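See below for the structure under consideration.
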Amino acid sequence: KMKSVDISEYNGVVNFPRIKQAGIGAVLIRAGYGKKTRDKYVSDNLTGAALAGLPAGISWFSYAYNEEMARNEANQCIEVVKGYDLKLPIYWDWEAASAAYMNKNGVKPTKKLVTNMCLAFCEQITKAGYRAGYYCNYSDYTTYFDKSKLKAYSFWFAYWSNHIKTGISCDIWQYSASGKVAGITGSVDCDLIMNESIIKSTKKSTK
């Protein structure tokens, strides 16, 4: 399967030609998080990936605790990536810190609420002409996501063992959070593109 890495400002300056030479075939780039915080390296990473000929997708880390906030996150993400040629979907990234933020604000995360927030984000992304998806780990997927309502969207699955054991299918499998790749300083999240049909242009580049 095609190897990929997912990167953010925490990975610093990435040498894209070098990671391509190391066998990486695609990259997933964090655009930002929460209401409107932009990742410091998103523009550099999108440009670097494009110049190296690496297909790119996007993630937005969620701190939403209602559907309107999730839609706003989608709108902010769209503004950040506007004009770039994305060849993989835009993913709503929901993790333990997302749930903790909901609890902190007096909102209990439930399967119905988290699924509806995911739908709100993905629908907004789709309306803007991009393909959408969602990212989560095994525990959150089984607890908070109603897969029957999310079939239209791509699934990026974090499971740091053989995902086949779970019986859960996915388009992208994140199999490690401590990978080592030439061209990236320190550890990096590593993925396999399980469904290469998700790699196709959705927006023409103007940058």
| query | Which Cα, out of Y141, T185, N72, lies furthest along the positive dipole direction of segment 67-207 (beta carbon charges, K/R +1, D/E -1)? | reply | N72
| remark: Reported to the nearest 10 Å², T185 has, with a 1.4 Å probe, an accessible area equal to 110 Å²
| said: Can you tell me what share of the DSSP beta bridges in the chain is antiparallel? A percent to the nearest 5 is fine. | reply: 30 percent
| task | Set Lys and Arg Cβ to +1 and Asp and Glu Cβ to -1, take the dipole of segment 91-180 about its Cα centre, and tell me which of Y130, Y159, N105 lies farthest positive. | result | N105
| note | Computed from every Cα-Cα pair in segment 125-167, P(r) in 10 Å bins starting at 0 and rounded to whole percents is 24, 52, 20, 4
| request: Output the peptides 145-154, 80-89 sorted from most to least packed, where packing is the average of other Cβ atoms within 10 Å over each peptide's residues. | output: 80-89, 145-154
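Roll a 1.4 Å probe over the protein chains and send me the accessible area per residue for the chain in Å². The partial results should precede the final answer.
On the way: 9680 Å² over 207 residues.
With the other protein chains kept in place, the chain gives 47 Å² per residue.
Filter the cross-link list K40/K111; K82/K180; K36/K149; K3/K87 down to pairs whose alpha-carbon distance in this structure exceeds 24 Å.
Working: K40/K111 32 Å; K82/K180 31 Å; K36/K149 27 Å; K3/K87 15 Å.
From the list (K40/K111; K82/K180; K36/K149; K3/K87), the Cα-Cα distance tops 24 Å for K40/K111; K82/K180; K36/K149.
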| request: Would you mind estimating how fast the chain diffuses translationally, via Stokes-Einstein at 37 °C and 0.692 mPa s with the Kirkwood radius over Cα pairs, in µm²/s? | output: 194 µm²/s
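If you take every DSSP beta bridge whose two residues both sit in segment 22-86, what share of them, in percent to the nearest 5, is antiparallel? Before the final figure, lay out the partial values.
Working: 2 of 8 bridges.
So the antiparallel bridges amount to about 25 percent of the total.
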| request: Return the FRET efficiency for the residue pair E95, R18: r is the Cβ-Cβ distance, R0 is 35 Å, and the value is rounded to the nearest 0.05. | output: 0.75
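The values are calculated or read from the model by the stated rules, or taken from the named source; none is laboratory data. Remember, predicted model here, so these are calculated numbers, not experimental data. We place every Cβ from the backbone using ideal geometry, glycine too, and count neighbours over all the protein chains shown. We work out accessible area using only protein heavy atoms, side chains counted, and drop any ligands, DNA or RNA first. Shrake-Rupley method; radii C 1.70, N 1.55, O 1.52, S 1.80 Å.
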